[in-house]
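The values are calculated or read from the model by the stated rules, or taken from the named source; none is laboratory data. Keep in mind that what you see is a predicted model, and the values were worked out from it rather than measured. For neighbour counting, all protein chains shown are included, and Cβ atoms are generated from backbone atoms with ideal geometry for every residue, glycine included. Protein only, heavy atoms only, side chains kept; ligands, DNA and RNA dropped before computing areas. Shrake-Rupley method; radii C 1.70, N 1.55, O 1.52, S 1.80 Å.
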Amino acid sequence: SVELGIERLAALVLLLTCLSHITAPAAWRSLFDRIGKSEAPGLATAAIHLPLGLLLVAFHNVWSAPAVIFTLIGWALLLKGTVHLLAPRVAMRSLKLPGTGEQAERRYQLAGVIMTPLAAVLIWLAWF
């Protein structure tokens, strides 16, 4: 089904994103540092969050457990991307949250460690 395909795609994207936060935090710090210095940080961060959010909202309108988790993630990504697109100052505040340098890298790693179990559950729900 379309919903199952969307669940598998979302679970893989989220798992890979979490794992890369753990294994390559300097790359994430560099990316978000560059976005923060750009002329359009809201547009850039929205471009990260909106595609998966829009895909989930448009093609995974499932409101029964446990698949509702994917739908809620989609709405959260859509909301975050929309706010960043329409209110760039919010995007700038968000980009400053991790801090700078090694502190930011540790926080990206921590985010990956915290979110990986959720991504693993999503993988399990999508495939098993």
Residue list for the stretch 88-112, restricted to those being over 13 Å from the mean Cα position of the chain (by Cα), under 14 Å from Pro25 (Cα atoms) and surrounded by 12 or more Cβ atoms within 10 Å (Cβ to Cβ): Pro98, Gly99, Ala104, Glu105, Arg106, Arg107, Gln109, Leu110
When residues of the stretch 43-87 are limited to those that are assigned to a loop (DSSP other than H, G, I, E, B) and of a type outside the set (A, V, I, L, M, F, W, C), the one most open to solvent (accessible area, probe 1.4 Å): Asn61
Cβ pairs under 7 Å, 6+ apart, first in the stretch 77-100 and free of Cβ contacts under 8 Å to residues at least 40 places away in the same chain and under 13 Å from Ile35 (Cα atoms), second crowded, with 18+ Cβ neighbours inside 10 Å and aromatic (Phe, Trp, Tyr): none
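If a residue has to be small (Gly, Ala, Ser), in a helix (DSSP H, G or I) and over 17 Å from Met92 (Cα atoms) to count, how many in the stretch 1-42 make the cut? Step through it out loud before you land on a result.
Start the filter on the stretch 1-42 by keeping residues that are small (Gly, Ala, Ser), which leaves 1, 5, 10-11, 20, 24, 26-27, 30, 36, 38, 40, 42.
Keeping just the survivors that are in a helix (DSSP H, G or I) gives 5, 10-11, 20, 26-27, 30, 36, 42.
Then keep just the ones that are over 17 Å from Met92 (Cα atoms); that gives 5, 10-11, 20, 26-27.
Matching residues across the stretch 1-42 total 6.
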